[in-house]
Structure formats: C-alpha cells, structure tokens
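Enquirer: Structure provided below as structure tokens; questions to follow.
What follows is calculated from the coordinates using simple rules that are stated; it is not laboratory data. Quick caveat, the model's predicted, so the values are computed rather than measured. Virtual Cβ from ideal backbone geometry, glycine too; neighbours counted across all protein chains shown.
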Amino acid sequence: MIFHKVIYIVFLFLIFTSASVSQDIQDKVRVSLLNCFGENSQIIFEKFTLTFQLRNSIEKKVGQKFFLNEIYLYKIYNEKKIIGYGLLDNVYGKSLPITFLVMYDSEGKILCSEIIKYREPYGGAVQSKEWNDQFKGKNVNSDFQPGKDISGISGATISVNSLTKGIKKLTLLLNEILSK
Amino acid sequence: MKLKLTIALVILFTQFIHSQDFNFFEPKVTIGGYGELHYNNEKIGDAPSNAIWDFHRFVLFFGYSWSEKWSFKSEVEFEHNFVKNGQGELALEQAYVNYHHSDEFGFNIGVILPSIGLINEYHEPPLFFGTERPVYHNLIIPTTWFGSGASVYGNVKGFDYRVMIFETLNSDKFSLSQGIRGGRMKGYKTDASRLLYSIRLDYLNIPGLKIGGSFSFNNAKGDSTQVDVTIAEIHAKYTANNITAVFEFGNISYNNGELKASRGYYFDLGYNVASFFDLNTKITPFIRYSDINTAAETISGGEKEKRYHFTEWMIGLDVKPIDNVVFKVDYSEQTRKLDDRKSKFINFGVGYMF
C-alpha cells in the first residue's frame, strides 16, 4: 500500500513539473490575446499545417525557414463574430528559439506583437513593448526592414533581424489563409 | 487506489503530450562565426605609402545549450591567417558556462569579454562602420579584450546591467603610446591576487537607441610597477529611420607612473541612401571624427601630452547586400597635434557573420 502511495506521489510530482514546463507559455499567450482583443473574447485554438508549396513560397520571399511545419493559430471571436487572429511561432536567435505571438485584426493588419519567451542571455531588449509596438498597423504590404521601418537595437542585431523576418513571415501566411 | 493511479497516469500522459506541444526548446549545438579581409594602404607623414592585404580575423563560434537555462559558448579567433614566430595569433576569446535564470538575472564564468564600450562584446564586422574597428577601440578601449572572469547580468525595466570581476591588467605593459592596451593578459596565467571590477548600465527602452556607460577599477600590478587604474566611459548608438549615429567617450586614469590619463572620443553619422530608391541593399555613406590622446595627462607634461594626441576625419561607405555581409571602403586623415604631421589611410574590405 505504501508502495502505491509512493508511486502516486511520484506521478503527482511528474504531472506538476511536466505541466509547468509549458504552462507559462500557454498562460502568457492567453493573457496576451485577451489584452489585445478584450476580456470578452473567445479563443479557438488550432494547428495550421503548412503545405509544401505555401511553406516554400513564403520562405523564399522572406529568406527565413519556418521553425516547424505547423503554426499555432488562434481564432478570436466576439459574440460569434470573428474579430481577429493570433499566430504563435518561433525563430532562432543566436542559438535558442524565441517564441513570439503576433495578433491581427480580421483583415490581416497587425494589432499587437509580443515576445512570449526569450531564452538567450543577450539581446533580450527585443521583448520591450516599445520595440514590439513598431509593428502595429503593418500588413502584407509593409517593408519589415530593420534600420528602415523597424528600429535596430544595438546588441540585439541577430534577434532583431530574425524576429522581423519571423513577423513578416506570419503576416504573409495570414494573408494567404484569409485569401482562401 | 488503482483508479487514482490510472487517472494520474492518464493526466500525466495527456499533460506530457500537451506540454511537448508548447515546449519548443531542444538541446542543440550552435555554430557561427565571422571574418574580415582587409586592404590597408597607409602613408605616415612624408614616408612612402605602404599597402597590404590582410585576412585580419577568422573566428568560429561554438555553443551548446543543455537546457533553456544552462549553456556553453565559445569563440576561437585566428588573426592574420597564419601563426609563426610571433606573426599572427590564435586565441580562445570566449569560453564560458552561462546560467540564464530569467531576463532579470543570469551569470557566466570562464573566458569572457568585459562590457566596456560598444564594440568589445559586439565586434562582428557588419556591426560597425569602417574597414578597421574605430581607432578609439584600439587605443582607448582595447578590443578585443578578453580574459578570465565572471559576471552577473540582467535587464530590469529597460535597464540592462552587468557586474563583473575580471583578471587584472599588467601595469608593466602600460604605455604612453597605447594606454592600457599592452596590459591585457588574455587569460594567460594571470596574477590571481588582484582583480578588475566593472559595472555597466545601459538604457534600452527607446526604440533604436542604446545609451549607457561603464565604470571599472583595477589595482593593476606587474613585476616592477603597481598602478591603480579607473576606466570610465559613456556610449550611445542610434539605429532607426535609416540613420546610424554613434558616440563614445572614455577616460582612463592612472595613479602612479609617468602616465596620468588616457582620453578619447569619436562620433559616427551615417545614412542609408538606398532608402531613397527603395532598394533592399543598404548603402550607407558615413563620416567619423575621432580625438584620441593616450597620454592626455603626464607628470612631465609639455610635448609628451602632444606626441600621442591626434584627431582623425574619416569618410566611408558601408554596403550591405544582406544584413550579414558587408563591403566597406574608407579614407581617413590623421593629424598629430605635436607637429601637424598628417597620415593618410585608404582601406577596403569585406566582412561576414553567421
């Protein structure tokens, strides 16, 4: 019986620790979506699988590969009407993935952008609200050029370049999703 | 009990699948590097001009991330393409274990780079104007400055800090012509009885701007001298709206010996003119002005304080077809204060990073 109890406690511990690994990412995504779209929004989560063709054409246009073959898509509803989208993806900084969320209105214009998890010791300044706010209002026709329409950050060059391309990639992708 | 266990198992299994979905980290090796090939043509005073080709630096970066918090990073540098009889140089410029607890706090220990000035930590060729690094970063802040040490770092509300203890300088090697440059021990069997203490603070929450400074103290010692050194510097860099502007000022004080202070500053101003034509290549003409005096204050004064004092104007062009490749060309003229002797330099080169 004691043996059972020990196993049970071990399981509880495992459940707790395995959940906490990712819980912070999910919680942060939820909070960011509600902050951007309002507390009364309903969130429907799905994974969007990239077709080979779509993946290839966007990667070529932007000059950056997708992190995975799947993009995490959040559809945001208010009173059964779709009001926007959130796309969660990753890009590599110098060596570790940067997890970021871009939120769009129903037409594909950026409303909010947020870094959900930054793991590198250097370049963390890309998480600042001020830097992310620069993407507000951009859409598929925008430049997305660091140093031009996006400010650089001295000491965070790799993250700035990588994230700017990542956000451009998601913006092109959403445009494709919406035009279907 | 069995039922409880089954439920726990099911929860664990679903949690596991679910958490894997959102756990994007994987242990991973990172390889990177940078390099630069230079053409240097110099004409010092009335002497005939002299031109060379130099593959100045070839650097490989290796890193490994065991977890999101623990990683190892290293940089091996090979200078001037060849090592023999004191020519060329092979050096381990970085090799440290890093613990990244959170944005607010992390630490590293090993062979590290002091956070002094804008370029020492971020010295890849696409990140600065001019074929060679600014002369300020040769004579006032001697880059690349590396050695054994440990630091604590983090970012709190836009303030980026780093506090570090670092190996001592060798005061026997300080000089009127090069300040502290010769005193760097480069991680080689450094006297452990004394340390350099350094603190750096930057503010980063204005898009495009980095502004800050650092202060360092070292009770440096050699075989025959002992000198307390303080290094104070401020720096700012703005990159936005096609403008790149840089300013740095540094002062080094010495409490013992002929040399009392080294001092210098420079500023850069560049504008990406390709933006007028909507090109993706960045074409940035720039100007730089430097004022450098490695012997700004001496005990004897007079000529000694003028001999190593010079100003420099530089004009140049920085072309980046992509962000990680740069072609550079520049012309500069130095004027020595002592006798108005003029030296002229023409440099061009190509640099890359990945």
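Enquirer: Compute the separation of the alpha-carbon centres of the range B:113-141 and the range A:103-122 and state it in Å as a whole number.
Expert: Using only Cα atoms to place each centre, the spacing works out to 32 Å.
Enquirer: Can you sort B:62, B:146 by how many other beta carbons sit within 10 Å, fewest first?
Expert: Details: B:62 16, B:146 24.
The most exposed by this proxy come first: B:62, B:146.
Enquirer: Could you check which residue among B:341, B:307, B:200 shows the biggest mean-square fluctuation in a GNM of chain B with a 10 Å Cα cutoff?
Expert: Most flexible of the set in this elastic network: B:341.
Enquirer: Between residue B:303 and residue B:102, what length comes free when the chain is fully extended (0.36 nm per residue of separation minus the Cα-Cα distance, one decimal in nm)? Display every interim value, and only then the final one.
Expert: Details: separation 201, 0.36 × 201 = 72.36 nm, distance 5.25 nm.
Taking residue B:303 through residue B:102 to full extension adds about 67.1 nm, to one decimal.
Enquirer: Could you work out, for the range B:29-353, what percent of all Cα-Cα pairs fall into each 20 Å distance bin, beginning at 0 Å and stopping at the bin that holds the largest distance?
Expert: Result, from short to long distances: 29, 62, 9, 0 percent.
Enquirer: Once the Cα atoms of helix B:2-22 and of chain B are each reduced to a long axis, what angle between those two axes, in degrees from 0 to 90 to the nearest 10, is obtained?
Expert: Between the helix axis and the principal axis of chain B, the angle is about 30 degrees.
Enquirer: The range B:99-205: which GluC sites (Glu not before Pro) are DSSP loop and have at most 15 other beta-carbon atoms within 10 angstrom?
Expert: Values: sites: B:104, B:121, B:132, B:167; in loops: B:104, B:121, B:132.
Of the GluC sites (Glu not before Pro), the ones in loops of the range B:99-205 whose Cβ has at most 15 other Cβ atoms within 10 Å are B:104.
Enquirer: Under the rule of -39500 (n - 2.57) per DSSP H run of 4 or more residues, summed and divided by the residues of the protein assembly as shown, what mean residue ellipticity at 222 nm is obtained, to the nearest 500 deg cm²/dmol?
Expert: Details: 7 runs with 103 residues, N = 534.
One gets -6500 deg cm²/dmol as the mean residue ellipticity at 222 nm.
Enquirer: Using label points projected 7 Å from each Cα along Cα→Cβ, tell me how many nm separate residue B:21 and residue B:82, to one decimal.
Expert: 6.1
Enquirer: Which of A:28, A:136, A:80 moves the most in a Gaussian network model of chain A with Cα springs under 10 Å?
Expert: It is A:80.
Enquirer: Using Cβ counts within 10 Å as a stand-in for footprinting exposure, how do B:109, A:167, A:82 rank, fewest first? Present the calculation step by step, with values, prior to reporting the outcome.
Expert: Working: B:109 15, A:167 25, A:82 12.
By the 10 Å Cβ count, ascending, the order reads A:82, B:109, A:167.
Enquirer: In whole angstrom, how far apart do the alpha carbon centroids of the range B:238-267 and the range B:56-84 sit?
Expert: So the separation of the two Cα centres works out to 28 Å.
Enquirer: Another question, then. Compute the long axis of helix A:2-37 from its Cα atoms, compare it with the longest principal axis of the Cα atoms of chain A, and write down the angle in degrees, 0 to 90, nearest 10.
Expert: 20
Enquirer: Sort B:262-268, B:125-131, A:125-131 by the packing proxy (mean of other Cβ within 10 Å over each peptide's residues), most packed first. Could the numbers behind the result be given before it?
Expert: Values: B:262-268: 21.6, B:125-131: 23.1, A:125-131: 19.7.
Highest-to-lowest ranking by the protection proxy: B:125-131, B:262-268, A:125-131.
Enquirer: As a footprinting exposure proxy, order B:184, B:162 by other Cβ within 10 Å, with the fewest listed first.
Expert: Ranked by crowding around the Cβ, least crowded first: B:184, B:162.
Enquirer: Need one number: nm distance between label points at residue B:340 and residue B:41, each 7 Å from Cα along Cα→Cβ, rounded to one decimal.
Expert: Going by the 7 Å Cα→Cβ label model, 2.6 nm.
Enquirer: Report, as an integer, the average count of C-beta atoms from other chains found within 10 Å of each Cβ along A:142-152. Show your work: numbers first, answer last.
Expert: Values: counts 0, 3, 0, 6, 5, 13, 9, 4, 4, 9, 11.
Partner-chain Cβ atoms within 10 Å, mean over residues of A:142-152: 6.
Enquirer: Also, quick follow-up: Nothing charged except the Cβ atoms of Lys and Arg (+1) and of Asp and Glu (-1): what's the magnitude of the dipole of the range B:29-353 about its Cα centre? Round to the nearest 20 debye. Display every interim value, and only then the final one.
Expert: Working: 32 positive and 38 negative charges, 59 e Å.
Its charge dipole is roughly 280 debye.
Enquirer: Beyond 20 Å, what share of the Cα-Cα pairs of the range B:143-271 is found? Please give it as a whole percent.
Expert: On the way: 4211 of 8256 pairs.
In whole percent, the share of Cα-Cα pairs in the range B:143-271 beyond 20 Å is 51.
Enquirer: Using alpha carbons only, how many angstrom separate the centre of the range B:143-214 from the centre of the range B:283-326?
Expert: After rounding, the separation between the Cα centres reads 21 Å.
Enquirer: So, by mean Cβ neighbours within 10 angstrom, what's the order for B:42-53, A:91-102, B:282-293 with the highest one leading? Numbers along the way, then the final one.
Expert: Details: B:42-53: 10.9, A:91-102: 22.7, B:282-293: 19.5.
Answer by packing, highest mean first, reads A:91-102, B:282-293, B:42-53.
Enquirer: Moving on to the next point. Label-point separation (nm) for residue A:133 and residue A:61, each offset 7 Å from Cα along Cα-to-Cβ?
Expert: Going by the 7 Å Cα→Cβ label model, 2.9 nm.
Enquirer: Follow-up question, since we're still on this one. For the cross-link pairs A:61/A:168; A:60/B:69; A:109/A:148; A:65/B:210; A:81/A:180; A:148/B:282, which exceed 21 Å when the distance is taken from alpha carbon to alpha carbon? Working shown, then result.
Expert: On the way: A:61/A:168 10 Å; A:60/B:69 33 Å; A:109/A:148 19 Å; A:65/B:210 30 Å; A:81/A:180 18 Å; A:148/B:282 9 Å.
Where the Cα-Cα span goes over 21 Å, the pairs concerned are A:60/B:69; A:65/B:210.
Enquirer: How are the alpha carbon pair distances in the protein assembly as shown distributed across 10 Å bins from zero to the largest one, expressed in percent?
Expert: 3, 16, 25, 24, 15, 9, 5, 2, 0, 0
Enquirer: For chain B, set up a GNM with springs between Cα atoms under 10 Å and report which of B:323, B:339, B:21 has the largest fluctuation.
Expert: Answer for the Gaussian network model of chain B: B:21.
Enquirer: Right, next: Based on a Kirkwood Rh over C-alpha pairs, give the Stokes-Einstein translational diffusion coefficient of the range A:34-180 at 37 °C and viscosity 0.692 mPa s in µm²/s. Write down the numbers at each step before the final one.
Expert: Values: Rh = 15.5 Å.
Rounded to a whole number, D works out at 212 µm²/s.
Enquirer: Further question on the same structure: Using the Cα atoms of the range B:120-214 to build a convex hull, what is its mean projected area in square nanometres?
Expert: Details: hull surface 29.4 nm².
Reported value for the Cα convex hull: 7.4 nm².
Enquirer: On to the next question. With r defined as the distance between the Cβ atoms of residue B:234 and residue A:46 and R0 fixed at 60 Å, what FRET efficiency is calculated, to the nearest 0.05?
Expert: For residue B:234 and residue A:46, the calculated efficiency is 0.75.
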